[in-house]
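The values are calculated or read from the model by the stated rules, or taken from the named source; none is laboratory data. Keep in mind the model is a prediction, meaning the values are calculated, not measured. For neighbour counting, all protein chains shown are included, and Cβ atoms are generated from backbone atoms with ideal geometry for every residue, glycine included. Please note that ligands, DNA and RNA were not included when accessible areas were found on the heavy atoms of the full protein model with its side chains. Shrake-Rupley method; radii C 1.70, N 1.55, O 1.52, S 1.80 Å.
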Amino acid sequence: MSLILDFMRCDDSVSQSIPFTNQGVSAGFPSPAEDILESTLDLNKELIRNPASTFYARVRGESMSGAEIHDGDLLVIDKMVEPFDGCIAVCYIDGEFTLKRVKFEKDYALLMPENDKYKPIRVDEYSDFKIWGVVRYCIKKL
């Protein structure tokens, strides 16, 4: 169940704007090239809504591979986002962190892996459990 997470606090004190075109990039047939960049994009402003409660964590493990979250991916986690049924969250249960999809039932919750090699974790009133933060983005290296 354990997941090794390297937590990092976000640094929104620096603004780094990069060129951005809002025309989209064709994933089918090529489209005519756009010579004019329309604006700039600051990834801090795009990815971080609540700077004081936002953290990054690097994924270690493959329990969420069915959700396209793989070992080495970088997560943007917001602790202020209210957990909701079906969210992917960093959870603290019985002394360990884990990354799972949260399913709320009437009297318990299930922490659902997205890989058949792993079993769901049942959370009930006897569990030492907290949803530490909700994953907002997954950044991957191609």
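Quick check: anything in region 7-16 over 30 Å from Asn115 (Cβ atoms), modelled with pLDDT of 65 or more and touching a helix residue (DSSP H, G or I) at 6+ places or on another chain (Cβ under 6 Å)? Yes: one or more hits.
The number of residues in region 104-117 being out of contact with any Cys (no Cβ under 7 Å at 6 or more places or on another chain) and either buried (at least 19 other Cβ atoms within 10 Å of the Cβ) or under 20 Å from Leu75 (Cα atoms) (or both) comes to 5.
The residue that is most open to solvent (accessible area, probe 1.4 Å), counting only those in region 78-92 that are within 16 Å of Pro113 (Cβ to Cβ) and outside any strand (DSSP E or B), is Gly86.
In region 100-123, the residues that are β-branched (Val, Ile, Thr) reach residues that are assigned to a loop (DSSP other than H, G, I, E, B) and modelled with pLDDT under 95 with C-beta atoms within less than 7 angstrom, at least six apart or across chains, in these pairs: Ile121/Met1; Val123/Tyr108.
Among the residues of region 48-60, those identified as closer than 11 Å to Ile139 by Cα and open to solvent by 30 Å² or more (accessible area, probe 1.4 Å) are Tyr56, Arg58.
Only one entry in Leu37, Leu41, Leu110 is assigned to a strand (DSSP E or B) and at pLDDT below 95, namely Leu41. One residue stands out in region 61-70 among those that are assigned to a loop (DSSP other than H, G, I, E, B) and farther than 15 Å from Phe97 by Cα: the one that is most open to solvent (accessible area, probe 1.4 Å), namely Glu68.
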